[in-house]
Amino acid sequence: MTTTITETHGVDPAPTPLALLLLGREADPNSERGVDCPGDLPPASDPNLVQRARAAKAALGDRVFILGHHYQRDEVIEFADVTGDSFKLARDAAARPEAEYIVFCGVHFMAESADILTTEAQQVVLPDLAAGCSMADMATAEQVAECWDVLTDAGIADVTVPVSYMNSSADIKAFTGRHGGTICTSSNARRALEWAFEQGQKVLFLPDQHLGRNTAVREMGLSLDDCVLYNPHKPNGGLTVEQLRNAKMILWRGHCSVHGRFNLDSVNDVRERIPGVTVLVHPECRHEVVEAADMVGSTEYIIKALDAAEPGSKWAIGTELNLVRRLAKAHPDKEVVFLDRTVCFCSTMNRIDLPHLVWALESLVEGRVPNVITVDPETEKYAKAALDRMLALP
């Protein structure tokens, strides 16, 4: 394990079989850590929650710095000192060394990144330890190590450069750092891939297949035939040695549960319902969706596009629902709708609600530091090396 999770209760129960979990017949108790908080978690219906949050934050003053990811609920964003995507927030935390406590209203891998980039004197708190990321969980350290063995056996590991999306665990970032690779965000994925191809002949892209494929094909001129999909649940990734040797992009079989739900029918349906609509989607969407969209870009790109849009314009946004709703409220002079008819929040991001935030802040006021996320020194060393390579990209 690369992260130490400090709680004040309980012993982790034994994990359930993965097959039953995937079939929906069992629950993985390790994925449910943090659902029950030690002490008194305020009820969601408590009318005094807002006042309690304000009072606790005021009592802590500059000792606490609250980060709010764009996909968080409005009730949580209200108390964030800064908002942004995962990497921007981690950097913002690093720029506030005077803050003893970084309360990260996001998901687990984001809190890990904040711990890697902040000082040893600072402690990173995740209000609910069950706030994970399904995409990040699709690539484990053991699976990726096995993949590298497959590439080694195929004789291509020495010409393959790993590029890992920011939405990955500290383990995967450390793997990337150990093997001379870099991290990327959805904003700089092209620059990261261009750098990687200057270092080697092939790229192992982790863990989001769609961002890797869309960047390589749409922005860099590679073909779909240049890409192969490595499935960690199949022997040798489900690929032959010839397929691996011929590929330029070896894509990990991972995806975002929110962005992956959009399909071509979603795009066609919204165009039929709203004539003249501009379809704007995140690059974590499927290739068929980004090909059919009018505009494609990161979360920050989406926000800036709406800010610059003409009054009266119509937009269908393919990203997390909390952000789409927030954009609609911020731009009443434009028609802003969710791309799909079926609403879809990021379920793990939404675990950070006002009761959990109040509990975390009041715990800090009382002198207890809950749910501390700590990355071990060796993992931090190599993960930071990969992050530093990204920061050094032109």
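The values are calculated or read from the model by the stated rules, or taken from the named source; none is laboratory data. Nothing here was measured: the structure is a model prediction, and the numbers come from that model. In this analysis, Cβ positions are derived from the backbone assuming ideal geometry, glycine residues included, and neighbour counts consider all displayed protein chains. Ligands, DNA and RNA are stripped out before the accessible areas are found, and what is left, the full protein with its side chains, is counted by its heavy atoms. Shrake-Rupley method; radii C 1.70, N 1.55, O 1.52, S 1.80 Å.
Legend: calculated FRET efficiency, Asn246 to Glu378, from the Cβ-Cβ distance at R0 = 41 Å, rounded to 0.05, equals 0.70. Work out which trypsin sites (Lys or Arg not before Pro) in the chain are exposed loop sites (DSSP not H, G, I, E or B, at most 13 other Cβ within 10 Å) and give the longest gap free of them. Value returned for the longest uninterrupted segment is 26-340.
In loop segments of region 220-289 as defined by DSSP, there are no GluC sites (Glu not before Pro) with at most 12 further C-beta atoms inside 10 Å of their C-beta. Solvent exposure of the chain, expressed per residue, is 43 Å² of accessible area, with all protein chains present and a 1.4 angstrom probe. Near Val124, the amide H atoms lying under 5 Å from its own belong to Ile102, Ile373; only residues 5 or more places off or on other chains count, and H is placed 1.01 Å from N. Model label sites at Met295 and His233, defined 7 Å from Cα along the beta-carbon direction, differ in position by 3.7 nm. Using a probe radius of 1.4 angstrom, the carbon and sulfur fraction of the accessible surface of region 258-394 is 51%.
Determine the sum of side-chain charges near Trp315: Lys and Arg each +1, Asp and Glu each -1, restricted to other residues whose C-beta is under 10 angstrom from that of Trp315. Around Trp315, the charge tally is 0. Sorted from longest to shortest, the spans of the Cα atoms of region 150-253 along the three principal axes equal 32, 30, 24 Å. Using the rule -39500 (n - 2.57) for each DSSP H run of four or more residues, divided by the residues of the chain, the 222 nm mean residue ellipticity is -11000 deg cm²/dmol.
Note on the chain: with a GNM built from Cα contacts shorter than 10 Å, the maximum mean-square fluctuation among Gly254, Gly84, Gly61 falls on Gly61. Comparing Ala59, Ala93, Ala189 in a Gaussian network model of the chain, where Cα atoms under 10 Å apart are tied by springs, the biggest mean-square fluctuation is seen for Ala59. Legend: distances between Cα atoms for Lys173/Lys314; Lys57/Lys304; Lys304/Lys381; Lys202/Lys384; pairs beyond 28 Å are Lys173/Lys314; Lys57/Lys304; Lys304/Lys381.
The slack in the chain from Ala330 to Val50, taken as 0.36 nm per residue of separation less the alpha-carbon distance, amounts to 98.6 nm. Got a number for carbon plus sulfur as a percent of region 138-220's accessible area, 1.4 Å probe? Result for region 138-220: 40 percent of the exposed heavy-atom area is carbon or sulfur. When DSSP beta bridges are restricted to pairs lying wholly in the chain, around 10% turn out antiparallel. Over region 314-361, the reciprocal of the mean inverse Cα-Cα separation, the Kirkwood hydrodynamic radius, stands at 12.1 Å.
Amide H contacts for Val281 (H built 1.01 Å from N in the peptide plane; partners 5 or more residues away or on another chain; cut-off under 5 Å): Met295, Val296, Gly297, Gly318. Could you please report the charge total around His210, scoring K, R as +1 and D, E as -1 over all other residues with beta-carbon less than 9 angstrom from its beta-carbon? Residues close to His210 contribute a combined charge of 0. All other residues whose Cβ lies under 11 angstrom from that of Val258 are scored, Lys and Arg at +1 and Asp and Glu at -1, for a net of -2. In the chain, the ratio of gyration radius to Kirkwood radius, Rg to Rh, stands at 0.97 when only Cα atoms are counted.
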